[in-house]
Amino acid sequence: MFRSSHLQEAAFPVAMTQRDAVNALHAQCGIYTKSAVVNTMLDAIGWHDRADLTQYRLLEPAAGDGVFVVEAARRLVAACRRHGISPNAAVLRDCIRAFELHPRETRKARANVLKALRDAGVHPSTCKTLVCAWILRADFLLSRPAELPFTHAVGNPPYVRWAKIPARLRTQYARSLPRAMIGGDLFVPFLDRALDQLCLDGRCAFLCSDRWRFMRFAEHFRAKWLPQLNISPQGAVTVEEAYVRDVDAYPSILVAQRKHSAVACLPAIRSGKTLKDYGFEVKVGPALGHTSAYVIDPEEDEVEEEVLRPWIDASEISDGEISWSGRRVIATYGDDGALIDLQAFPLVRRRLERFRPVLRKRSIVRNGASWYRTIDRVCSRDWERPKLLVPEIAKVPRLALDVSCTIPSHGVYAIFAPNDNIGPLYERLSNGGLARALEGIAPKIKGGYSRCYKRFLEQIAL
């Protein structure tokens with residue numbers, strides 16, 4: 001489920017009935033996922049018929065019309081056939097658990113799954129038993145946790161700003177959910193509750209807004225879960241690829257595995273040990289050589305999507321939050337580390353040709369470099385790991401956590417952790433901690449600004 005771009009702001013009275021509140025929430029969030037993306041996500045978490053899926057348990061917290069459950073059920077039955085297991089109710093009834101709040105959509109989901117099971121040759125009475133056991137008409141956020149943890153979780157949780165949730169439901173959620181997980185967007189408590197019910201080594205894939213990666217409202221979510229997850233880098237997904245109709249968001253697919261032994265703290269502190277001593281890596285964002293040529297404004301769509309990555313500068317970083325303006329940068333290098341061939345990207349070539357006279361005057365070109373290359377390599381693979389972003393010059397040193405493939409400008413430094421366990425360092429340096437850590441290290445310049453250069457960041461003592 002997701003938020004439509006065509007819906008207007010609305011105020012919902014507290015006095016509306018529960019049914020009216022559910023209908024109003026569904027009107028905002030009832031946007032579903034295309035089958036191709038469903039297949040990609042199930043593949044990513046290993047829910048395929050090559051495995052004996054009867055040994056696993058799959059959670060879908062917001063089933064909608066059942067598109068995820070339909071494909072998961074098909075694969076479950078196919079796995080039974082492959083492994084010589086009879087697909088009966090006793091074997092399969094605990095393998096899938098899905099929640100859907102809206103009565104009509106629950107009926108749709110059950111009907112769609114029932115058809116999929118029948119088409120797969122499952123006995124009619126078994127089909128009915130499984131559909132009722134698998135798909136519950138209930139609010140996942142208010143339901144009791146399952147007695148047994150889940151090995152897999154997948155879905156497209158509802159995305160809607162907290163203030164736009166109907167007041168009746170908002171009050172119920174505020175009473176029942178952890179305070180740190182409410183007040184921002186509804187998908188955050190969905191992710192939090194689903195991850196809480198995922199077993200160690202369990203895998204999840206969620207199609208959701210990428211706002212959890214950088215917005216302040218998800219700060220506690222990041223602090224809680226980043227140390228406990230191994231996040232797999234995923235390619236970009238467009239709105240057109242992901243959803244059956246238009247939404248006003250930047251979708252992303254979160255694929256992660258819950259760590260078997262989560263590291264909850266930094267290594268043992270020893271006197272004099274610094275970030276550099278502990279193996280943290282600090283590097284500055286790539287120099288482009290002519291920002292106007294390579295950075296695409298939000299309203300522009302003249303370049304192939306596959307070479308564009310989110311791009312931010314220091315002005316978009318506040319303490320603990322990234323306020324991304326929507327600008328993107330052309331990744332002039334592929335994942336193989338080689339400069340892209342403009343023949344393969346005619347729209348990129350057409351754009352850069354407009355700037356060719358300026359680009360050719362740069363010293364790197366006069367020294368033999370290709371006329372369209374950036375000064376530093378701009379490659380998404382270099383920036384896909386979790387990282388802390390720190391503006392180079394700041395009145396008060398500040399940082400934000402980024403776990404997307406955002407590429408920072410040359411005025412921003414990134415800190416990468418050994419084994420990508422960046423959460424504990426973020427907890428220590430956020431909320432003014434970076435400024436305190438740099439006292440006596442980072443020099444002041446005119447106007448009282450601090451220089452947060454690489455050599456100073458590396459000297460931060462733990």
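Restricting to region 72-109, and then to whatever is of a type in the set (Lys, Arg) and farther than 23 Å from ARG193 by Cβ, can you tell me which residue is surrounded by the most Cβ atoms within 10 Å (Cβ to Cβ)?
Among those residues, the one meeting the criterion is ARG75.
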### Query
Which of the residues belonging to region 428-446 are over 26 Å from the mean Cα position of the chain (by Cα) and assigned to a loop (DSSP other than H, G, I, E, B)?
LEU438, GLU439, GLY440, ILE441, ALA442, PRO443
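Conditions (1) modelled with pLDDT under 85; (2) within 25 Å of ALA205 (Cα to Cα), marked per residue:
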residue: SER5; (1), (2): yes, yes
residue: ALA11; (1), (2): yes, no
residue: ASP20; (1), (2): yes, no
residue: LEU76; (1), (2): no, yes
residue: ASN88; (1), (2): no, no
residue: CYS95; (1), (2): no, yes
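Looking for whichever is assigned to a helix (DSSP H, G or I) and free of Cβ contacts under 8 Å to residues at least 40 places away in the same chain here; the options are ARG107, ARG144. Which one fits? Break it down into steps so the answer makes sense when it comes.
Working: ARG144 fails: assigned to a helix (DSSP H, G or I).
The unique qualifying residue is ARG107.
Could you check, for region 42-52, whether at least one of its residues is at pLDDT 85 or above, in a helix (DSSP H, G or I) and crowded, with 20+ Cβ neighbours inside 10 Å? Break it down into steps so the answer makes sense when it comes.
Step one: of region 42-52, the residues at pLDDT 85 or above are 42-52.
Those left that are additionally in a helix (DSSP H, G or I): 42-44.
Keeping just the survivors that are crowded, with 20+ Cβ neighbours inside 10 Å gives 42.
Yes, that holds for at least one residue.
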### Query
Do you know which residues across region 17-41 are in a loop (DSSP other than H, G, I, E, B) and over 19 Å from TYR159 (Cα atoms)?
THR17
## Note on the structure
Filtering region 167-188 for residues that are part of a helix (DSSP H, G or I), surrounded by fewer than 23 Cβ atoms within 10 Å (Cβ to Cβ) and either in the same structural domain as ILE317 (by TED's automatic domain parsing) or touching a residue at least 12 places away in the same chain (Cβ under 8 Å) (or both) leaves a count of 9
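Okay, residues lined up against (1) touching a helix residue (DSSP H, G or I) at 6+ places or on another chain (Cβ under 6 Å); (2) more than 17 Å from SER86 (Cα to Cα):
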{"residue": "ASP119", "(1), (2)": "no, no"}
{"residue": "HIS123", "(1), (2)": "no, no"}
{"residue": "LYS128", "(1), (2)": "no, no"}
{"residue": "CYS132", "(1), (2)": "no, yes"}
{"residue": "ILE135", "(1), (2)": "yes, yes"}
{"residue": "ALA138", "(1), (2)": "no, yes"}
{"residue": "PHE150", "(1), (2)": "no, yes"}
{"residue": "VAL154", "(1), (2)": "yes, yes"}
{"residue": "PRO157", "(1), (2)": "yes, yes"}
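Among the residues of region 313-327, which ones are over 17 Å from the mean Cα position of the chain (by Cα), in a strand (DSSP E or B) and aliphatic (A, V, I, L, M)?
Keep residues of region 313-327 that are over 17 Å from the mean Cα position of the chain (by Cα), which gives 313-319, 325, 327.
Those still in the list that are in a strand (DSSP E or B) too: 317-318.
Of everything in region 313-327, just one residue is over 17 Å from the mean Cα position of the chain (by Cα), in a strand (DSSP E or B) and aliphatic (A, V, I, L, M), namely ILE317.
Just to check your reading of the model, which residue among ALA153, ALA90, ALA79 is assigned by TED's automatic domain parsing to the domain that holds CYS199 and either in a loop (DSSP other than H, G, I, E, B) or closer than 30 Å to PRO189 by Cβ (or both)?
On inspection, the qualifying residue turns out to be ALA153.
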### Query
Scanning for something closer than 18 Å to MET215 by Cα and either part of a loop (DSSP other than H, G, I, E, B) or of a type in the set (A, V, I, L, M, F, W, C) (or both), does region 420-427 turn up at least one residue?
yes
### Message
Exactly one condition in (1) part of a loop (DSSP other than H, G, I, E, B); (2) over 18 Å from SER292 (Cα atoms); (3) at pLDDT 95 or above is false for PRO397; which is it?
### Response
(3)
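The values are calculated or read from the model by the stated rules, or taken from the named source; none is laboratory data. None of these values were measured; they are calculated from a predicted model. Every residue, glycine among them, receives a Cβ derived from its backbone with ideal geometry; neighbour counts consider all protein chains shown.
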